[in-house]
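Coordinate-derived values only; no laboratory data. This is a predicted model, so every value here is computed, not measured. All Cβ positions, glycine included, derive from the backbone under ideal geometry; neighbour counts span all protein chains shown.
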Amino acid sequence: MSDRDAPRVACSLGMRGVEAVCAIAYAVASITTAGAWADDDARIFARAESLSLPALSPDGATLSYVAHSAERQAVVLRALADGDEQRTLQVEPRRERIRWCGWSESAHLLCGTVLPVRAPDCVYEKTRLYAIERVSGRPRELLVRPADQTLST
């Protein structure tokens, strides 16, 4: 017997007035219990990881998304067959942010990040492009430029 059934069991005694009081008590107990469940749902929702940019691979086998926390953004690859997850490309949002991700084919996910760069007379965004292999989860930066290249106008 659960706590939800207690008012019903206690109300199985006779008289109509007692039955009415018991019906009210049962209704109040049900509302209170439902409120507790709603509170639990709110707590679970509040603790849930924030995510963005969900995308399904062309073959439908892998879901990708960006998971957010105060300290990190991470690209997550989740195999739909078994639920196995890999956290791949990870950046610190204070320095760099994942702006977009999309599947180029079922084996590779492309992601672009931006990073603010301060120059003497302006601030601009540097873009990085990454290819992430689905099987290994290894990110590889594409279009790597020499370190001494500066912004030209």
Computed about the Cα centre, the charge dipole of the stretch 52-142 from +1 Lys/Arg and -1 Asp/Glu charges at the Cβ has a magnitude in debye, to the nearest 20, of 320
Ordered by fewest other Cβ atoms within 10 Å, a rough proxy for footprinting exposure, TYR65, TYR124, TYR130 read TYR124, TYR65, TYR130
Here the net charge surrounding VAL117, from other residues whose Cβ is less than 9 Å away from its Cβ (Lys, Arg +1; Asp, Glu -1), is +1
Lys and Arg at +1, Asp and Glu at -1: neighbours of ASP59 with Cβ under 12 Å from its Cβ sum to 0
